[in-house]
Every structure is written in structure tokens, then in C-alpha cells.
Amino acid sequence: MQIYARGILWAAQPGTTQANLTFPTVTALSSGALLATWRGGSTKDSDDETIFFARAYDLGQSWSAAWTPFAHGHTMDGVWGTLKLCYLTELAPGRLIAAAMWVDRTTYPGQPLFNASTEGCLPMSILLAESDDDGASWSPWRVVPMPAEIGPPSLTGPILKLANGALALSIETNKHYHDAGPWRQKVVFFHSHDQGRTWGAPVVAGEDPSGRIFNWDLRCAVAPDGCVITFAWTYDSHTGQYLNIHRRISRDHGHTWSAPQDLGFADQASRPAVLPDGRVVLAYVDRFGSRSIRARLAPASDAPFSAQHEVVLYTHGTSPAHTSAGEESTGALLAEMGLWTFGLPYAEALPNGDVLVVYYAGTERAMDLHWVRLTLPND
């Protein structure tokens with residue numbers, strides 16, 4: 001792979017509610033446009049956060065002015081909260097569904113997202129909205145009901161369009177804010193057979209039965225042959241060590257899964273880009289080694305990601321909060337995610353066969369959104 005072009009999707013504005021831009025996504029639409037979303041706030045975790053959109057018509061080379069399609073904050077049953085992130089899926093030409101993660105900012109006012117003492121997190125919900133005009137306007141939000149066993153739900157990616165016509169939603173479980181008990185972390189899929197109006201029971205998509213290994217930020221995609229592939233940011237809660245990325249594959253629309261496969265490189269995976277010929281581009285964050293964001297190519301969903309075609313998308317110029325994992329408790333590491341100043345890559349296949357990767361990077365004072373366009377080898 002080679003870098004064809006790169007640039008700034010949107011620049012941060014230090015000292016404002018757009019000082020820290022994170023959770024970038026980009027979706028290639030049937031209209032030929034690219035639609036990007038991201039979260040802006042004064043810090044990485046703040047109750048002034050808002051979801052922004054921008055559009056491009058030239059494969060991501062230039063972007064429109066940003067706009068806010070949703071109001072700042074959203075009240076549910078008398079409780080006010082904010083939208084932390086928003087993922088888009090095109091269900092049909094011009095018809096989009098947005099999945100957002102809402103954070104309750106009322107029950108524990110002024111408290112951070114993660115409780116460093118308990119490993120719990122603030123109350124959260126998953127909201128859905130729809131657009132019939134390519135994302136120009138949106139329906140009111142509606143809540144995806146969650147069983148009590150899920151706890152506060154984390155949304156790990158956009159809604160998947162499965163080969164059998166169903167939709168799938170990837171959700172991480174969490175503990176409640178003051179729950180000091182053991183964290184039995186897992187990630188589950190919810191399936192919908194009516195275009196997202198109702199959802200079935202959770203199906204486990206990643207779990208260590210012993211409770212030791214956590215599968216965070218599960219990034220998912222559907223391959224041309226219909227199989228579902230996932231990539232987990234894997235963490236050993238006993239040693240406090242981040243492990244290599246692990247891949248799982250489902251050949252029955254996310255109901256059963258292969259054993260997790262160690263890909264041999266660490267640590268946080270992007271949402272993968274899958275090409276029509278089945279090739280997969282995976283960007284990833286090597287936060288504690290080279291302190292960089294890189295991308296690798298696999299010839300198929302179940303094939304190795306060779307280092308031969310690896311490209312470096314970004315190198316961080318200053319030392320991170322920690323140079324290695326394993327120094328603190330899981331709760332402390334969760335709380336300090338707010339200090340990390342680069343990451344969350346998201347990859348999307350473009351209509352011309354290239355791949356666009358977006359990510360955030362900068363300093364605690366200002367984190368910009370970057371894009372990199374990759375060309376792939378012909379062999």
C-alpha cells in the first residue's frame with residue numbers, strides 16, 4: 001500500500017467546545033459523496049460535547065463546512081445527557097440509519113465517564129435515528145432497549161448490513177458506576193430483522209469465560225462472501241497488559257464465532273475497510289511501542305496481515321501518558337484514556353478502489369481530525 005494523499009478533515013479550535021475532536025468516522029454513500037461524523041468538545045470527556053458532520057464529493061480531498069445535525073444534548077425521561085459518538089450505515093440509496101451512544105450527565109453530575117475506583121462507567125444508552133435524504137435531515141431519536149445484564153452499553157461500530165438481510169449491532173457490556181464487583185466484560189451482537197425497529201436477544205461475539213481477558217472496542221465488517229469479521233483490542237486484566245489484536249470470524253451472520261486468532265501486532269484496531277474483491281485494510285494504533293498509527297493489508301478476511309504492505313499513517317512526536325501498560329489498575333487505565341492524544345482510526349473503502357482512513361491526533365490542548373488516502377497494490 002502507498003499513501004496517495006493526506007490532509008486535515010477538520011481543525012480543532014483551542015479554548016472552545018471544538019478543542020478536542022475525536023471518534024471520527026467516514027461513510028461512502030451511493031450518491032458518490034462521503035459523509036464524516038465526529039465528536040467535538042472542550043476536552044475528551046465533557047458535557048459540552050456535540051456531534052458534527054461534514055461532506056466531501058472528491059474522495060475526501062476537500063470537505064464542506066461542518067454542521068451539527070443534532071441538538072447539543074438530549075433528554076430522555078427527564079434525564080439530560082450528551083451524544084458521545086455517532087456511526088452511520090446506508091440501508092438503501094439515500095436512506096441512512098445513525099447509531100449514537102448517549103451518556104447520562106445528570107445522575108452523577110460532573111463525574112468522568114469512567115470511575116477509576118470501581119471500573120464502572122456513567123449510565124449510557126444506544127439511540128437510533130433515520131434519514132431519507134442522504135443525511136440532510138433526521139428523524140427523532142429512539143432508544144434501543146437493553147437487557148439488564150448488559151449494564152451501561154458501549155457502541156463499538158456502525159450497524160452492520162448482513163448478507164441475509166438482517167442488521168447487527170455490536171455492544172460492549174459495562175459495570176454500573178459504583179459497582180465494585182468483578183467486571184465480566186464481553187461484547188454481544190443484537191440482530192434486527194425489521195430494519196432496526198426491533199432487536200433480538202444478545203448473542204456473545206467476544207468473551208473470555210474466565211473473565212480475565214477483555215475484548216474492547218470490537219471493530220466489525222461484513223465481507224463480500226457474507227462472513228462477519230471482528231477485531232478486538234485485547235487486554236489482560238490480571239497483568240494489566242494490552243495484548244495483540246485478535247480476529248474472529250462468523251459464517252452464520254454473527255451467531256457463532258471462530259476461536260480468537262492472535263494477529264501478531266498490537267494494540268487497538270480500526271474499523272476495517274473491506275474491498276469488493278475481499279481484501280481487508282486494517283489500521284491500528286501501536287500506542288506503547290512505536291507510538292504510531294499504521295495500516296496493513298490482508299488478501300482475504302481470514303488471511304494474514306503481512307507486514308510487507310504496512311504503511312505508517314502517523315507518528316506521535318511526544319511521549320504518551322505511559323510508555324508501557326501494566327503499571328496501574330484497570331480502572332486507572334480506563335480513566336486515563338482521556339489523556340491519550342492520538343488514535344481511533346476508522347477505515348472506509350472508496351468507490352475507486354482506494355481506502356480512506358480518518359483518525360484524531362494532537363495535544364491535550366487541541367486534537368485535529370486527519371485523513372489519509374491509501375492506494376492498494378494490484379497484485
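When the residues of the range 232-241 are narrowed to those that are buried (at least 16 other Cβ atoms within 10 Å of the Cβ) and part of a loop (DSSP other than H, G, I, E, B), which ends up modelled with the highest pLDDT?
The qualifying residue modelled with the highest pLDDT is 237.
Of the residues in the range 35-73, how many are without any contact (Cβ under 8 Å) to a residue 60 or more places away in the chain and aliphatic (A, V, I, L, M)?
6
Looking at residue 163 and the list (1) touching a Gly at 6+ places or on another chain (Cβ under 7 Å); (2) part of a strand (DSSP E or B), which single condition is not satisfied?
Every condition holds for residue 163 apart from (2).
For the range 207-231, which residues satisfy the criterion of being at negative phi, of a type outside the set (A, V, I, L, M) and assigned to a strand (DSSP E or B)?
Across the range 207-231, the qualifying residues are 207, 214, 215, 216, 219, 220, 230, 231.
For the range 93-120, how many residues meet the condition of being in contact with a Ser or Thr (Cβ under 8 Å, 6 or more places away or on another chain) and not acidic (Asp, Glu)?
Residues meeting the conditions: 12.
Would you confirm whether any residue within the range 256-264 is of a type outside the set (A, V, I, L, M, F, W, C), in contact (Cβ under 8 Å) with a residue 60 or more places away in the chain and surrounded by 15 or more Cβ atoms within 10 Å (Cβ to Cβ)? Spell out how you get there, then give the answer.
Kept after step one, since they are of a type outside the set (A, V, I, L, M, F, W, C), are these residues of the range 256-264: 256, 258, 260-262, 264.
Okay, now just the ones that are also in contact (Cβ under 8 Å) with a residue 60 or more places away in the chain, so none.
No, the conditions are met nowhere in the range 256-264.
Taking residue 98 as the residue in question, decide whether it is in contact with a Phe, Trp or Tyr (Cβ under 8 Å, 6 or more places away or on another chain) and under 28 Å from residue 166 (Cα atoms).
Answer is yes for this residue.
For residue 137, indicate whether it is exposed (fewer than 15 other Cβ atoms within 10 Å of the Cβ), modelled with pLDDT of 95 or more, over 30 Å from residue 110 (Cβ atoms) and among the hydroxyl-bearing types (Ser, Thr, Tyr). Break it down stepwise before answering.
Values: exposed (fewer than 15 other Cβ atoms within 10 Å of the Cβ): yes; modelled with pLDDT of 95 or more: yes; over 30 Å from residue 110 (Cβ atoms): yes; among the hydroxyl-bearing types (Ser, Thr, Tyr): yes.
Considered against the rule, which asks whether it is exposed (fewer than 15 other Cβ atoms within 10 Å of the Cβ), modelled with pLDDT of 95 or more, over 30 Å from residue 110 (Cβ atoms) and among the hydroxyl-bearing types (Ser, Thr, Tyr), residue 137 comes out as yes.
Being surrounded by 14 or more Cβ atoms within 10 Å (Cβ to Cβ) and either under 21 Å from the mean Cα position of the chain (by Cα) or acidic (Asp, Glu) (or both) is the filter here; which residues of the range 75-89 pass it?
If the condition is that a residue be surrounded by 14 or more Cβ atoms within 10 Å (Cβ to Cβ) and either under 21 Å from the mean Cα position of the chain (by Cα) or acidic (Asp, Glu) (or both), then 81, 82, 83, 84, 85, 86, 87, 88, 89 are the ones that fit.
Which residues, counting only those in the range 242-290, are of a type in the set (Asp, Glu) and part of a loop (DSSP other than H, G, I, E, B)?
252, 267, 277, listed by residue number.
Please verify whether residue 229 is β-branched (Val, Ile, Thr), in contact (Cβ under 8 Å) with a residue 12 or more places away in the chain, farther than 17 Å from residue 358 by Cα and out of contact with any Gly (no Cβ under 6 Å at 6 or more places or on another chain), treating the condition exactly as stated. Outline the logic, then answer.
Values: β-branched (Val, Ile, Thr): yes; in contact (Cβ under 8 Å) with a residue 12 or more places away in the chain: yes; farther than 17 Å from residue 358 by Cα: yes; out of contact with any Gly (no Cβ under 6 Å at 6 or more places or on another chain): yes.
Judged against the criteria, residue 229 is a match.
Residue 157 - would you say it is farther than 20 Å from residue 55 by Cα and of a type outside the set (S, T, N, Q)?
no
Just a yes or no: is a residue in the range 158-179 more than 20 Å from residue 85 (Cβ to Cβ), touching a Lys or Arg at 6+ places or on another chain (Cβ under 8 Å) and surrounded by fewer than 16 Cβ atoms within 10 Å (Cβ to Cβ)?
no
Suppose we filter 36, 11 for residues that are out of contact with any Cys (no Cβ under 6 Å at 6 or more places or on another chain), within 14 Å of residue 66 (Cα to Cα) and surrounded by fewer than 18 Cβ atoms within 10 Å (Cβ to Cβ); which single one remains?
The unique qualifying residue is 11.
Just checking, does the range 206-221 include any residue being under 19 Å from the mean Cα position of the chain (by Cα) and without any contact (Cβ under 8 Å) to a residue 24 or more places away in the chain?
Looking through the range 206-221, at least one residue is under 19 Å from the mean Cα position of the chain (by Cα) and without any contact (Cβ under 8 Å) to a residue 24 or more places away in the chain.
Being outside any loop (DSSP other than H, G, I, E, B) and not charged (D, E, K, R) is the filter here, so list the residues in the range 166-189 that pass it.
Hits for the range 166-189 are 167, 168, 169, 170, 171, 176, 187, 188, 189.
Which one of the conditions (1) touching a Lys or Arg at 6+ places or on another chain (Cβ under 6 Å); (2) under 14 Å from residue 303 (Cα atoms); (3) of a type in the set (A, V, I, L, M) does residue 280 fail to meet, given that it meets all the rest?
Failing condition for residue 280: (1).
Check 212, 219 and return the single one that is more than 17 Å from residue 299 (Cα to Cα), crowded, with 19+ Cβ neighbours inside 10 Å and basic (Lys, Arg).
219
Name, by its number, the condition in (1) at pLDDT below 80; (2) in contact with a Leu (Cβ under 8 Å, 6 or more places away or on another chain); (3) acidic (Asp, Glu) that does not hold for residue 379.
(2)
The values are calculated or read from the model by the stated rules, or taken from the named source; none is laboratory data. This one's a predicted model, so the numbers in the text were calculated from it and none came from an experiment. As a convention, Cβ positions derive from the backbone with ideal geometry for all residues, glycine included, and neighbour counts pool all protein chains shown.
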